[in-house]
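Following: one structure in structure tokens, then a few remarks.
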């Protein structure tokens, strides 16, 4: 069984510049953007956490004042995958869709992916999220249904849902939907009689009726009949890419569906409406205050720095690195536990570090970039040369 009906949109390469950051917790990687107490868990389609328009939509939703989290859950990836997740770009769902059945019954089944989802939900709550919604694309709607019967979500939305995957594991999609603890907004695509999403998602369909009967008047269904399944994340807008309708039609449909999703979450209390009747602009956050290496004190917390890498040494194969970075006031050693962070700290590279902390190891200063800190390439190269003559990690401090 395939998650995508015949004629679905195929792979679309991501060409978006990420506004968030990639992080990891309890072995689960995720893309995170935005902040605040209202969070959105975004479950991607079968091309994973960096396929097509997934992160672009996450960034757009974050601008509405949400903390958006996109987990990397399709592990192990199939063949070459896409950015280490899900299906490879060359996979044709219209030809090879039957190969997805064993994946859904195995490594990509709900029993395997839900522990990863739980880890992300736990991290969201630890990061200050107190109210949460979910958006699931295609396969993500099926996983979303399992999340919706387990977690206290205010609502879930799904463009081109594939809850029918429940049949692949011997279940009934309507029974699964009835177990949801929150209302749903469903946006199926195409003509159900001509290769589009099934009519189970329409007003008279079993899946929609299951959630509507449980939450009368609070659920939404709207069919985008002119679009192909997958249009929201994979429909082409730019000329020359895979076409799932003409570019302008897809662009208009993506914009319309995003507006519908926001309207649904406004009614669910996850977003606020401004005086003009529109979803609110993004929350303005205080600009972080950056410091210099020469001003770092033992046991300092919430450090924000812009540094240039001097050298890096792998201290445990594939697991740990010590990197020396600095600015015009001195250099300091960072203890890294992420291969991505290590790659960003190649000699000569400039990086931006936020919310790091000092850990004193045998009286010596080390900067720790843990799961709550951010390390990413700097917006602009650091022009100065690090002052290697002032290595604050080489100074031994006496414990009082």
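For segment 162-201, what Kirkwood radius comes out of the mean inverse Cα-Cα distance, in Å? Don't jump to the answer; show the numbers that get you there.
Working: mean 1/r = 0.0894 Å⁻¹.
Evaluated on segment 162-201, it is 11.2 Å.
What FRET efficiency would be calculated for the residue pair residue 397, residue 302, taking the C-beta separation as r and a Förster radius of 22 Å, to the nearest 0.05? All intermediate terms of the calculation are to be shown ahead of the outcome.
Details: r = 20 Å, r/R0 = 0.90.
Calculated transfer efficiency: 0.65.
With everything on Cα atoms, drop me the angle between helix 247-267 and the longest principal axis of the chain, reported from 0 to 90° to the nearest 10.
Helix 247-267 sits roughly 80 degrees off the main axis of the chain.
Please identify, among 197, 59, 18, the residue showing maximal mean-square fluctuation in a Gaussian network model of the chain using a 10 angstrom Cα cutoff.
Highest fluctuation among the options: 18.
Can you give the extra length, in nm with one decimal, that the chain gains between residue 179 and residue 203 once fully stretched, where that is 0.36 nm per residue apart less the Cα-Cα distance?
On the way: separation 24, 0.36 × 24 = 8.64 nm, distance 1.82 nm.
6.8 nm is the gain from fully extending residue 179 to residue 203.
Summarise the long-distance tail of P(r) for segment 293-394 by giving the % of C-alpha pairs beyond 20 Å.
Values: 1414 of 5151 pairs.
When all Cα pairs of segment 293-394 are counted, 27 percent exceed 20 Å.
Only residues of segment 136-177 count here: report those whose backbone N is under 18 Å from the spot 7 Å along Cα→Cβ of residue 118, or say none.
Residues 143-153 qualify, since their backbone N sits under 18 Å from the label point.
Let me have the relative contact order for the chain, percent, based on Cα pairs under 8 Å that are six or more residues apart. Before the final figure, lay out the partial values.
Details: 938 pairs, mean separation 52.3, N = 400.
The value is 13 percent.
Sort 75-82, 29-36 for me by packing, meaning the mean count of neighbouring Cβ atoms within 10 Å per residue, highest on top. Can you show the working numbers first?
On the way: 75-82: 17.0, 29-36: 21.1.
So the order, starting with the most tightly packed, is 29-36, 75-82.
Any chance you could list P(r) for segment 69-194, counting all Cα-Cα pairs in 5 angstrom bins from zero, rounded to whole %?
For segment 69-194, the pair-distance distribution reads 2, 10, 19, 23, 21, 14, 8, 2, 0, 0.
Can you give the helix-only mean residue ellipticity at 222 nm for the chain, where every DSSP H stretch with n ≥ 4 adds -39500 (n - 2.57) and the sum goes over all residues, rounded to the nearest 500 deg cm²/dmol?
Working: 10 runs with 92 residues, N = 400.
Rounded to the nearest 500, it is -6500 deg cm²/dmol.
Taking the chain as the reference, fit the longest principal axis to its C-alpha atoms, fit the long axis of helix 139-148 to the helix C-alpha atoms, and give the angle between the two in degrees, 0 to 90, nearest 10.
80
Over segment 23-112, what is the percentage of antiparallel beta bridges among all DSSP beta bridges, to the nearest 5?
Numbers: 8 of 11 bridges.
Bridges in segment 23-112 that DSSP calls antiparallel: roughly 75 percent.
Please give the length that would be gained between residue 63 and residue 252 if that part of the chain were fully extended, namely 0.36 nm times their separation in residues minus their C-alpha to C-alpha distance (nm, one decimal).
Numbers: separation 189, 0.36 × 189 = 68.04 nm, distance 1.91 nm.
Here the segment from residue 63 to residue 252 would lengthen by 66.1 nm.
Say a paramagnetic label sat at a point 7 Å from the Cα of residue 368, along Cα to Cβ; which residues of segment 322-356 have their backbone N under 17 Å from it?
Answer for segment 322-356: 322-323, 333-338, 354-356.
Report, for the chain, the % of DSSP beta bridges that are antiparallel, rounded to 5.
Antiparallel: roughly 65 percent of the beta bridges in the chain.
Say R0 is 22 Å: what FRET efficiency, to the nearest 0.05, do residue 357 and residue 315 get from their beta-carbon distance? Show your work: numbers first, answer last.
Values: r = 19 Å, r/R0 = 0.87.
Working from the Cβ atoms, E equals 0.70.
Bear in mind that the values in this text are calculations on the coordinates, not laboratory data. Quick caveat: nothing in here was measured; it's all calculated off a predicted structure. Methodologically, a virtual Cβ is constructed for each residue, glycine included, from the backbone with ideal geometry; neighbour enumeration extends over all protein chains shown.
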